[in-house]
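Following: one structure in structure tokens, then a few remarks.
The numbers here are math on the coordinates, done by the rules we state, and not lab data. Quick caveat, the model's predicted, so the values are computed rather than measured. Here Cβ is always computed from backbone atoms with ideal geometry, including for glycine, and neighbour counts include all displayed protein chains.
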Amino acid sequence: MTATAPRIRQLPLVRLLFVTAVLVCGLFGTLSGTASAHAALTGSDPKDGAVVDVAPKDVTLTFSEQIAMGDNSIRVLDPSSKRVDVAKMRDLSGGGTVRYAVDLKPGLPDGTYTVAWQAVSADSHPVSGAFTFSVGAPSETTATVPDQEAGGGLVGTLYDTVRYLSYAGFVLLVGGAAFILACWQRGASVRPLQRLVVGGWVTLTAATLVLLLLRTPYTGSGKLGDAFDLGGLADVLDTKTGAALVSRLLLLGAAALFIAVLFGAYAKRVTETETESEAAAKSGTDGSDDEDDAEVSGGADSEAQKAKADLTFGLGLGGTVVAAGIAGTWALSEHASTGIQTGLAMPLDVLHLLAVAAWLGGLVSLLTALHRTPDIERAAVRRFSRIAFTSVVVLAVTGLYQAWRQVGSWSALTDTSYGQLLLVKVALIAVLLCAAWFSRRWTGLLGERATAGTESEAESESEAEEEADAGGETGDAADPERAAQLARQRTALATARKKRDRDADTERSGLRRSVLIEACVALVVLAVTTALTGTEPGRTEAKEAGRPGTEAAAPAPARPVNLTEPFDTGGANGKGTVRLTLDPARSGNNLMHVWIDDPAGKPMDVPEVKVAYTLKSEQIGPLPIVPERLAPGHWSASSVQIPMPGEWHLQVTVRTSDIDQTTIEKNVKIG
């Protein structure tokens with residue numbers, strides 16, 4: 001034992017979990033920022049930046065995958081920011097394409113029109129965007145569109161945080177209940193474990209209600225105040241995600257009844273059974289010759305054990321059905337419900353979530369029992385070790401299938417955000433398995449010393465009973481109040497002695513440390529898992545490129561794109577130079593910077609800069625990019641998604657006044 005071991009044991013559990021939670025929140029905030037849309041606008045008519053001679057009859061948008069849109073999902077605004085569409089959607093999808101159109105009012109005058117669209121992907125994530133086209137000639141426009149993407153800002157951060165809490169609540173609720181029923185039935189009457197399971201139920205219920213309220217601003221305006229819009233809530237209830245959240249609330253009602261029985265009638269039954277068993281064992285060792293009494297006692301004990309077994313089976317079956325139903329509300333509304341092989345993916349996703357809850361929730365329950373209840377049986381620890389091993393096997397099988405289904409190719413593991421997050425999760429799982437190996441090792445040592453420990457505990461209990469009997473008789477003879485005070489003191493001393501014995505047990509201390517490490521890493525794994533559910537799968541990006549499920553050609557070495565081109569919009573102060581960089585200039589996520597310089601080489605602030613990428617050989621695009629202004633003459637876009645490598649046609653549009661603009665076109669190689 002090293003000199004630092006006692007210090008590790010004395011570190012408060014609450015402090016360690018608080019530090020871990022802070023790290024998780026930081027990591028989760030970073031990961032959630034990488035989440036991207038699951039559907040993309042792949043084309044429009046008129047195109048972004050187009051100038052047409054005659055006003056079109058309608059505006060048509062083409063998307064990469066199925067989406068949900070309402071009558072107000074596409075808005076067309078004239079130069080004075082008034083709507084000129086008829087607010088009636090037309091679904092033109094067919095032949096493998098997803099296309100929607102909205103009719104325009106007749107007789108539109110010349111000028112620049114803004115098209116703002118907003119939709120929800122098939123896996124419940126919001127997407128939005130905007131572009132402009134002009135009739136006759138460009139003009140000044142006062143039309144405004146939201147300055148942030150759908151699902152972003154404060155509402156997006158709150159929504160992602162509550163999603164994480166909902167997963168955590170599910171893990172504690174299901175994993176804690178499973179630990180009690182399958183590993184340590186006496187834990188049903190242990191207050192710390194009761195608080196853990198009830199806390200999981202309260203967290204999941206509250207998170208589900210908040211998600212239901214936040215759904216309207218999350219997929220709509222982005223304004224937190226719209227969370228209490230009853231009309232928006234009614235619209236949410238008509239969606240697949242709204243139905244899943246309501247179903248989850250109904251299932252949580254059944255879970256509340258399950259918890260009431262578990263910590264009520266079941267806990268009472270377990271306590272009575274143990275008491276009767278101890279009484280029967282004691283009467284059998286008293287030397288009584290009354291065989292009839294022994295038979296009656298044995299029959300009563302057998303009947304109590306059978307009643308407890310029946311109740312355990314009923315709770316286990318009912319709890320499994322409720323837990324699977326709750327897990328199904330995620331499978332029916334997120335990644336598993338879209339893409340290929342949904343009939344197989346959804347049940348495997350439910351199985352995956354149940355295995356996660358049994359393992360991670362059981363870990364937290366075991367950690368709580370080891371720290372708060374020093375008399376947990378070694379057999380309970382060994383039973384959980386077997387359940388954890390089974391859960392890991394299930395996670396490995398279902399996780400491999402999910403990875404194949406969502407990633408689709410080896411290159412997507414490193415070239416897409418989803419693949420990179422998946423690699424992070426795999427690395428964390430490896431760390432978790434290492435900690436689990438140490439836990440199993442400590443559990444084995446506990447089993448080797450079980451006999452000696454049982455004898456020692458029996459001797460200690462016998463001595464404590466003799467002291468209590470002697471003290472009780474003396475106290476009763478002297479003063480009942482004094483006797484009660486002595487009894488409380490003896491109880492406190494016995495508790496302190498148990499705690500000292502627990503801390504002096506090297507195997508238990510080692511097990512507590514390894515389980516604590518497992519629980520802390522599990523919190524981070526849960527954060528990465530939550531981020532994965534909000535990130536575009538690699539296979540979806542391949543589908544957007546028109547090559548679903550196939551591996552792209554070997555990419556060329558990644559070289560940043562550097563473009564320097566002069567421009568002249570034709571108006572006053574309309575000359576300058578565009579400098580653009582795209583790094584690393586490969587498929588996946590890229591960072592783009594645009595600088596505008598005047599003829600003297602100084603920063604030139606212009607009203608608008610837009611960029612578009614088109615891969616003509618694959619009929620992809622134009623993919624519009626509206627960079628954010630960082631400083632005078634400097635614009636940037638931090639998440640430019642390039643679906644696949646190739647010879648891309650780059651268009652940079654610079655507007656120097658209300659009516660003066662020009663577009664620079666250049667072919668660039670993106671590896």
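Observations on the structure shown:
- One decimal place: the segment T577-I340 gains 80.6 nm when fully extended, by the rule 0.36 nm per residue minus the C-alpha distance.
- For the peptides 86-94, 656-664, the ranking by packing is 656-664, 86-94, with the highest mean count of neighbouring Cβ atoms within 10 Å listed first.
- Greater than 30 Å apart at Cα, pairs in K105/K575; K57/K610; K425/K610; K82/K610; K105/K669; K240/K425: K105/K575; K425/K610; K105/K669
- Additional length obtainable on full extension of the chain from S657 to A427, 0.36 nm per residue less Cα span: 77.6 nm
- Packing rank of 104-110, 208-214, 348-354, where each peptide gets the mean count of other beta carbons within 10 Å, highest leading: 348-354, 208-214, 104-110
- Distance between modelled label sites at Q489 and K47, nm, 7 Å Cα→Cβ extension: 9.3 nm
- Averaged over residues, the count of other Cβ atoms within 10 Å places the peptides 358-365, 185-192, 642-649, 316-323 in the sequence 358-365, 642-649, 185-192, 316-323, highest first.
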